[in-house]
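Here the structure comes first, spelled out in structure tokens, and everything after it is commentary.
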Amino acid sequence: MNTKDLYTVEEAMEVLGGISRNTIYNLMRDGKLASVPIGRRRFVPARAIDDFIASCTTTESPSVTSRRSRRVAQIPLALSPLPNPRNR
């Protein structure tokens, strides 16, 4: 898929669809995207990009995924009734 062995962070951002610099570093910090430090610079191996894409690939519909993530257990609130302002 990729033609280079190592990509700069900026190049990796573009290869991964234009994601942000913060997202790249968050993926590296979380261990989801491997990187190689050389001197003061950090590079992303082409293999790491391919592995990341393969691990995130899904055949599930986005609507199904978003519906599942929005399901939150709703807890009914015990609210006392508001006082009637006319009864003062």
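A short reminder: the numbers here are calculations on the coordinates, not readings from a lab. On a predicted model such as this, the values are computed, not experimentally measured, just so you know. Here the Cβ positions follow ideal geometry from the backbone for every residue, glycine too, while neighbour counts run over all protein chains shown.
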The correct count of residues that are acidic (Asp, Glu), in a helix (DSSP H, G or I) and without any contact (Cβ under 8 Å) to a residue 12 or more places away in the chain in segment 12-54 is 1
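Residue-by-condition table, conditions (1) out of contact with any Phe, Trp or Tyr (no Cβ under 9 Å at 6 or more places or on another chain); (2) surrounded by 13 or more Cβ atoms within 10 Å (Cβ to Cβ):
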residue	(1), (2)
6	no, yes
14	no, no
20	yes, no
24	yes, yes
33	no, yes
38	yes, no
52	yes, yes
